[in-house]
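No value in this document is a laboratory result; all are computed from the given coordinates. All values reported here derive from a predicted model rather than from experimental measurement. Glycine also receives a Cβ, built like all others from the backbone with ideal geometry; neighbour counts cover every protein chain displayed.
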């Protein structure tokens, strides 16, 4: 007779998360608040956003200003104790890679059936209470953004939940990720794909602004 053994997972507060030291600020932080870099086979510094590449890691606070400062101070060579090649546009490269992760996550959420587009359809979804996240293109007209935001915020207030509204991507980026033309607004329903998208958006937002990432409990329902 087979015996099934289930091990209870420890609460988040009790889990041990190893801290890493930022080579710029010398502060110790959880890996989620840092970006890991490694030396590639050609001796060039490579961002390891998934924290999976082999080799000794160099950790930098996950903000554009910190990455720029690491390049300026030649912190990668100092940390690795040898000369390495550092792309002069490393801060821009990191941002592009973070954007790609956001777009990939949005595409996956769409494939999971979690994304709604079209102004009228989004309005109806907001009214039905099924929208977890509202998404606008950066260049979206203020009147359309304001109209959807007000309706979404009103519904969220009634539910006692924060209104998660994001405007970090361009219309072109949203359209390419969703495989549709001229996507100015979109809404995401509750689900694991939406939670993953929010986590990636949080990383991008923090990197660009230096402000803490989105406080996301879960958008899984």
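By count of other Cβ within 10 Å, fewest leading, how are 48, 104, 42, 89 ordered?
Values: 48 19, 104 14, 42 8, 89 11.
With the fewest neighbours first, 48, 104, 42, 89 line up as 42, 89, 104, 48.
Relative contact order of the chain, please, whole-number percent, based on alpha carbon pairs below 8 angstrom and at least 6 residues apart.
19 percent
Exposure proxy check: 19, 106 ranked by fewest other beta carbons within 10 Å?
Lowest count first: 19, 106.
So which residue, out of 173, 158, 44, gets the largest mean-square fluctuation from a GNM of the chain using Cα contacts under 10 Å as springs?
Per the Cα network of the chain with a 10 Å cutoff, 158 tops the list.
Treat the count of other C-beta atoms within 10 Å as a stand-in for reagent exposure and order 25, 117, 17 from fewest to most. Could the numbers behind the result be given before it?
On the way: 25 14, 117 18, 17 10.
Taking fewest neighbouring Cβ atoms as first place, the list is 17, 25, 117.
Choose one answer from 109, 62, 141: the residue with the largest mean-square fluctuation in a GNM of the chain with alpha-carbon springs under 10 Å.
The residue that fluctuates most here is 141.
For the Cα atoms of the chain, what angle does the longest principal axis make with the long axis of helix 90-111, in degrees from 0 to 90, nearest 10?
Value to nearest ten degrees: 40.
Put a dot 7 Å past each Cα toward the Cβ at residue 124 and residue 111; how far apart are the dots in nm?
2.7 nm
R0 = 41 Å: FRET efficiency of residue 26 with residue 161, Cβ-based, nearest 0.05?
Once rounded, the FRET efficiency stands at 0.60.
If you take Cα Rg over 2.2 N^0.38 Å from the coordinates, which of [x] 1.06; [y] 1.18; [z] 1.24 do you get?
[y]
Specify the inter-centroid distance of region 122-180 and region 25-44, based on alpha-carbon positions, in whole Å.
34 Å
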